[in-house]
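Worksheet for the structure shown next.
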Amino acid sequence: MPRSALRVLAAVLGALTLVVGCGGGDGGSGKGRRPAGAHATIRVPADAPTISDAVSLARPGDLVLVAAGVYHESVRMDTARVTLRGESRDKVVIDGRLQQPNGIVVSAPGVAVENLTVENNTQNGVLVTGSAKAAAGLPGRSGGYDTGDEPVTFLKSFLVSYVTATRNGLYGIYAFSAQNGVIEHSYASGGADSGIYVGQCKPCRIVVRDNVAELNAVGYEGTNAGGDMYVVGNRLVGNRVGLTTNSDHQEKLLPQQHAVIAGNLIAANQQTATPLQADGGWGIGIGVDGGSDNRFTRNRIADNSNAGLVITATADIPPVGNQIVANTFTGNGVDIGWTFPTATRGQGNCLRGNDLRTTAPARLATTASCPLPTKSLSPSGSWARATPPGGIPFTEIAAPAPQPQFPNAVTTGATDVPAVPALPKTAGIRLPPASLLAAHARVRTS
């Protein structure tokens, strides 16, 4: 959990009066029955009165199928290879009522969470983690979850699909200390830090694809997340910042490196009716803060008022070897800006084949053309930047539009989550249209 998240959380907790032990609780009450069979479908409320009760009855390979309703509980999934699915994405709602930190906590491998809505949690909508401290909500001695000397423990394999996460105090969908997973076809809004977050994994082998993230402080954030880390085909429009990939001492596995950001629409990220981001980011499409060896290709980066793509250093961690290749930039304050206000400088960052108009410093397309030697110092520039305006509480974010349903949610059995997901072939990812995933978004591009 980086510094920005900690400050957001402190503000949230200071503004809310929390009630311990909301309805439903964690782990279930032991009520209900599991239907006979090797791989059962446990229906809520027909077989078990709450989702937590049904999950506590489930065995590996089971499906927990939830009928329409509003469920005031925090669901902990600690049995491997269980699928949790709503019958209706918009009508199955896990509502934290601002009285619990997490809507769903996944701490077992092979779990799938599908076709439901999580909202109004003080921290996260869906948390997927191999960290016992994170699952328990216990920060380490420096504020992050895993800041001691013990080795990182990963959750191996997960799927979050067709999930709506809205109005949560930190992250909508949060994968931390997890590997071998997919976050897809989901929607995140009202994340007071980020709509979708992947942190502390190396190699990640995680795919974030075909999601809509809008009206968050940051649409997607990847902190110390790299190694087969793919963010592809997402709509990151109408946040304060569209996407960040960064290194942070508050988490392990420094530095962030080796992510592919491809085929995304990253536009109009200067919405005022959004939670105020603690680090003050505003009007930026992509921010690279101490991240290295990342590849940004065939993204459409448009109408971000301060900058389309910014590369800078974080504390003592330089950004090294990032490649910006074959992207389209239009209508940004400055298309690409590199800035190193301290002694820490970037190295070997380069551009090739982009459709762009302005850079800071000028002529980067010529002076920093790919390939570059790894130790080649990146120049630093400056440009006019607007002061971030005030935001609104995450609880006041507009309700999302109806979202696409998981196909045949009631008749399809449990989902078999692969041990390692199929990773995208970057060469096959194309530049997205400006209308990418627009039908189900609140914020439209011009």
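Restricting attention to the stretch 425-439 and to residues that are at pLDDT 95 or above and not in a loop (DSSP other than H, G, I, E, B), the residue that is farthest from Ala262 (Cα to Cα) turns out to be Ala439. For the stretch 142-167, a tally of residues being of a type in the set (Ser, Thr, Tyr), modelled with pLDDT of 85 or more and within 14 Å of Gln200 (Cα to Cα) returns 1. Has the stretch 386-400 got at least one residue that is within 30 Å of Arg81 (Cβ to Cβ) and either of a type outside the set (Phe, Trp, Tyr) or assigned to a loop (DSSP other than H, G, I, E, B) (or both)? Scanning the stretch 386-400, I find at least one residue that is within 30 Å of Arg81 (Cβ to Cβ) and either of a type outside the set (Phe, Trp, Tyr) or assigned to a loop (DSSP other than H, G, I, E, B) (or both), so the answer is yes.
In the condition set (1) within 26 Å of Glu73 (Cβ to Cβ); (2) in contact (Cβ under 8 Å) with a residue 60 or more places away in the chain; (3) of a type outside the set (D, E, K, R), Leu127 is compliant with all but (2). Within the stretch 139-185, the set of residues being closer than 26 Å to Arg97 by Cβ, out of contact with any helix residue (DSSP H, G or I) (no Cβ under 9 Å at 6 or more places or on another chain) and surrounded by fewer than 24 Cβ atoms within 10 Å (Cβ to Cβ) comprises Ser161, Tyr162. When restricted to residues that are on the phi > 0 side of the Ramachandran plot and either modelled with pLDDT under 95 or of a type in the set (Val, Ile, Thr) (or both), the stretch 83-141 contains 1. Residues that are within 20 Å of the chain's Cα centre (by Cα), small (Gly, Ala, Ser), outside any loop (DSSP other than H, G, I, E, B) and under 21 Å from Pro402 (Cβ atoms) occur at least once in the stretch 97-108.
The set of residues from the stretch 303-329 being in contact with a Lys or Arg (Cβ under 8 Å, 6 or more places away or on another chain) and either surrounded by fewer than 18 Cβ atoms within 10 Å (Cβ to Cβ) or not in a loop (DSSP other than H, G, I, E, B) (or both) comprises Ala307, Gln323, Ile324, Val325, Ala326, Thr328, Phe329.
Listed conditions (1) under 22 Å from Val182 (Cα atoms); (2) touching a residue at least 40 places away in the same chain (Cβ under 8 Å) are all met by Gly227, apart from (2). So, Gly308, is that one under 17 Å from the mean Cα position of the chain (by Cα) and among the small types (Gly, Ala, Ser) or not? Spelling it out, it is not the case that Gly308 is under 17 Å from the mean Cα position of the chain (by Cα) and among the small types (Gly, Ala, Ser). Return the residue satisfying two criteria in turn: it lies in the stretch 342-364 and is over 23 Å from Thr328 (Cβ atoms) and of a type in the set (Ser, Thr, Tyr), and of such residues it is surrounded by the fewest Cβ atoms within 10 Å (Cβ to Cβ). Per the criteria, the residue is Thr342. All conditions but one from (1) assigned to a loop (DSSP other than H, G, I, E, B); (2) more than 24 Å from Gly263 (Cβ to Cβ); (3) of a type outside the set (Asp, Glu); (4) without any contact (Cβ under 8 Å) to a residue 40 or more places away in the chain apply to Thr366; the one that does not is (1).
Annotation: Ser369 fulfils all but one of (1) touching a strand residue (DSSP E or B) at 6+ places or on another chain (Cβ under 7 Å); (2) surrounded by 18 or more Cβ atoms within 10 Å (Cβ to Cβ); the unmet one is (2).
Just one of the listed residues (Pro432, Pro379) is surrounded by 15 or more Cβ atoms within 10 Å (Cβ to Cβ), in contact (Cβ under 8 Å) with a residue 40 or more places away in the chain and touching a helix residue (DSSP H, G or I) at 6+ places or on another chain (Cβ under 8 Å), and it is Pro379. How about the stretch 29-67: which of its residues are on the phi > 0 side of the Ramachandran plot and in contact (Cβ under 8 Å) with a residue 60 or more places away in the chain? Gly61 - this is the single residue of the stretch 29-67 that is on the phi > 0 side of the Ramachandran plot and in contact (Cβ under 8 Å) with a residue 60 or more places away in the chain.
For the stretch 180-193, the tally of residues that are within 26 Å of Ala419 (Cα to Cα) and in contact (Cβ under 8 Å) with a residue 40 or more places away in the chain stands at 6. Counting only strands (runs of 3 or more DSSP E) wholly contained in the stretch 212-282, no element carries 2 or more residues that are at positive phi, β-branched (Val, Ile, Thr) and surrounded by 24 or more Cβ atoms within 10 Å (Cβ to Cβ). Could you please find all residues in the stretch 120-142 being farther than 11 Å from Val163 by Cα and part of a strand (DSSP E or B)? Scanning the stretch 120-142 gives Asn120, Asn121, Asn124, Leu127, Val128, Thr129. If you filter the stretch 79-104 down to residues that are in contact (Cβ under 8 Å) with a residue 40 or more places away in the chain and either within 17 Å of Ala419 (Cα to Cα) or β-branched (Val, Ile, Thr) (or both), you find that the one that is surrounded by the most Cβ atoms within 10 Å (Cβ to Cβ) is Ile94.
One residue alone among Ala414, Ala386 is surrounded by 12 or more Cβ atoms within 10 Å (Cβ to Cβ) and hydrophobic (A, V, I, L, M, F, W, C), and that residue is Ala414. Is it the case that the stretch 191-199 has a residue that's modelled with pLDDT of 95 or more, assigned to a strand (DSSP E or B) and more than 10 Å from the chain's Cα centre (by Cα)? The answer is no; no qualifying residue exists. Is one or more of the residues making up the stretch 179-189 over 18 Å from the mean Cα position of the chain (by Cα) and of a type in the set (D, E, K, R)? Looking through the stretch 179-189, none of the residues is over 18 Å from the mean Cα position of the chain (by Cα) and of a type in the set (D, E, K, R). Residue pairs whose Cβ atoms lie under 7 Å apart, sitting 6 or more positions apart in sequence or on different chains, and linking a residue in the stretch 149-167 that is at positive phi to a partner that is surrounded by fewer than 19 Cβ atoms within 10 Å (Cβ to Cβ) and among the hydroxyl-bearing types (Ser, Thr, Tyr), are Arg167/Thr395.
The values are calculated or read from the model by the stated rules, or taken from the named source; none is laboratory data. Nothing here was measured: the structure is a model prediction, and the numbers come from that model. Here Cβ is always computed from backbone atoms with ideal geometry, including for glycine, and neighbour counts include all displayed protein chains.
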